[in-house]
Amino acid sequence: MKRFDKGYVYLSALTDFFGCLILTFAIASHLLFDENADPQKGKLVMPYVIAAVCLLYVCLVIYRVIYYKTSYYEMTDTEIKCGRGVLFRKKSVLDYKRIHAINKKQDLLHRIFGIAILTIDSGSANTSHQAEMLIIEKAAVVDSLIRELNELKQSGERESGETAKSEELFTDRDVLYKYTSKKKMLYALINIIYTALITAIIGILVITVIGVLKSELQLKELGTWGQYFTVALLITVAAVLILTVLSFIGSIIYSFVGYHNFVIEKCKNDIQISFGLLERHTNTFSYDRIKAVKIHQNLMQRIFGFATIRLEVIGYTNETGNNNVEIGVLIPFCKYEEAGIILSKVLPDYIPDKKQTKSVAFFPFVSWFMLIFISVSGIILSLTVVILSILNVTSIAIIAVLLAALGVVVVVCAIKMISAILAYKTNGIAACEDKITTYSGGFTKTVTIFKSKNLVTVESITTPLRQKAGITSFVLHLKTNEMSNEVKIHIQKDKNTEKIEKMLAL
């Protein structure tokens, strides 16, 4: 039986100390420097505040020490055991062949103290939202544990005959993909264009709405039309420049720091994804544990032909028990047309198939939205007119408000119409042998590839009118993470229902 590394106690004591120091300064600034504060009373109270914070720090240190003393892990011939907790003790026992994912995390402070956090998951649906096992050890020890656990897991799977087919796929350690600086700069450039475009559109809408109000209400304080447009244009350009610069800085930090030295490696039946500068992640999982692959494109990526490839693997959680979407990223950024080529190298069983069906009617994509949105907008505008009339507001002001509101309604409807057109062209499905590929989304497009063995439920949702026309929408429930286990494909021929339902038996 081994205990966690003492570096955990030292690191926690340091971070708790700075936390208490910040708390002390925050209280002191409120008691001594606030406009409504009485400095004399503040000076009298401060010694008690310092004493209380010191007591809090001592309690935190005692808690960390007790956590260290009561936490342990042990590896036997067939299983790994782990226990941790102070007020609520948790003990986990996991057979090696049931290990689903092994993840390593090491941030900057962890590196300073030479420790790392190892999380191990079984892939159980009951624990998909949290790390089932957590071990805090020296970084070198964690690396050794990862190698040992992978070997024990594979030997256990071989004995049970679970991976005879998968072992033929990966035989030698090899680097499958690297996130190069060129790709990172392209990612930042696309984000810049996206930010600039959205900011410019919002600026134009605001200028138009205020311009309508100025025209109808004759707002002289906005100056002449020339002065108004000059100032509005300068503000819009400034906003575009500022937000573009911030977007560029954020994208550079996100891609170059967050995905520093991003590498995908294969070793026998295992895939290992490593990335991060300040916070280093090393995630290891078996090929046959993958539940689904998603090729995702936002609007800008669709326009320029790029995509992100994500994985659905139960057990991809961080040590705090929260799902971390980025840990599920397989390929951060690549050309959309290259996605199939990359998957053929990394995950050959998850190459997307071309659509066999497509949406058969456009109107259902907008019918319910238009009906509800226009009805609600009409009611709100009517109530607004009535209220303004009761308040004796001039007719010119009422007309100006109505025109501005109608402009917003038209813009929203136009955006929805564009989204519906994209969704109409995108939605579709392909069912081949033991694999299903779905295409869904409007402004954002998602291609989901999964094995039929991971299909849990098929729902067919329709209305009486759609049923007469022979069309329906599908909701496919997958055996993946609890928060993302649905795939929706809209307005397809209902004869496809029987074909998909047959795949439940595969």
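The values are calculated or read from the model by the stated rules, or taken from the named source; none is laboratory data. Everything numeric in this text was worked out from a predicted model, so none of it was measured. Positions of Cβ are backbone-derived with ideal geometry, glycine not excepted, and every protein chain shown enters the neighbour counts.
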Does the stretch 271-285 include one or more residues that are at pLDDT below 90, acidic (D, E) and either out of contact with any strand residue (DSSP E or B) (no Cβ under 7 Å at 6 or more places or on another chain) or outside the structural domain of H100 (by TED's automatic domain parsing) (or both)? no
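Any idea which residue in the stretch 420-472 is surrounded by the most Cβ atoms within 10 Å (Cβ to Cβ), counting only those that are charged (D, E, K, R) and within 28 Å of Y336 (Cα to Cα)?
Going through the qualifying residues, I end up with K445.
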Name every residue in the stretch 471-506 that is at pLDDT 80 or above and among the polar types (S, T, N, Q), in order of residue number. T472, S473, Q492
Considering the stretch 235-280, residues that are within 16 Å of Y187 (Cα to Cα) and of a type in the set (F, W, Y), and then whichever is farthest from the chain's Cα centre (by Cα), we arrive at F248
Take the residues of the stretch 59-76 that are surrounded by fewer than 12 Cβ atoms within 10 Å (Cβ to Cβ) and of a type in the set (V, I, T): which is farthest from A13 (Cα to Cα)? T76
Residue set D5, D38; condition of a type in the set (D, E, K, R) and either within 32 Å of the chain's Cα centre (by Cα) or surrounded by 15 or more Cβ atoms within 10 Å (Cβ to Cβ) (or both); output residue D5
Assuming V475 fulfils every condition listed in (1) surrounded by 13 or more Cβ atoms within 10 Å (Cβ to Cβ); (2) closer than 21 Å to I290 by Cβ apart from one, which condition is it? (2)
Matching residues in the stretch 345-354 - criterion: being more than 18 Å from V313 (Cα to Cα) and modelled with pLDDT under 90: K345
Where the second residue is among the basic types (K, R) and assigned to a helix (DSSP H, G or I) and the first is touching a residue at least 24 places away in the same chain (Cβ under 8 Å) and lies in the stretch 207-218, which pairs have Cβ atoms under 7 Å and are six or more apart or on separate chains? none
